[in-house]
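Taken together, the values in this text are just the output of simple stated rules run on the coordinates, not laboratory data. Everything numeric here is computed off the predicted structure, so don't read it as measured data.
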Amino acid sequence: MQQERRKTKRTDMESKLVIKRLDGNSGNSGKEATIHIADVSKTGIGFDCDEPLQIGEVYEAYLTIWTKEVIHAFLQIVRIELKEGGYGYGAIFIGMPEMDSARIEVYQTVNDQQ
């Protein structure tokens with residue numbers, strides 16, 4: 001059994017977000033892609049996407065949470081996994097305000113009570 005190395009609890013969240021690369025150095029600059037969120041914590045996110053993204057790059061994101069509010073965030077890609085029909089990514093939040101991190105923690109607490 002693999003040991004859990006994450007510092008914060010992860011929660012599955014059925015949601016979508018739109019991302020675009022910030023540096024403008026790629027051919028898909030400004031292109032928006034819808035992704036499926038596999039898990040989210042107050043420090044990062046795991047998601048699936050059909051588009052190839054670059055490890056280490058920062059992308060702008062609009063995360064729709066369970067209350068239908070939108071959290072504006074910046075994601076740095078730290079993990080890429082090739083999956084059937086696309087890619088699986090792991091990313092950390094860059095400069096996320098504490099208020100938005102707290103919203104994700106509240107969701108986790110409510111979700112655990114169900």
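From the square roots a ≥ b ≥ c of the eigenvalues of the alpha-carbon gyration tensor of the stretch 34-106, which class results: rounded (a/c under 1.5), prolate (a/b over b/c), or oblate? Prolate shape, in that a/c is at least 1.5 and a/b is the bigger ratio. Between rounded, prolate and oblate, where does the stretch 53-95 land on the alpha carbon gyration tensor, with a ≥ b ≥ c its root eigenvalues, rounded for a/c under 1.5, else prolate if a/b exceeds b/c? Oblate.
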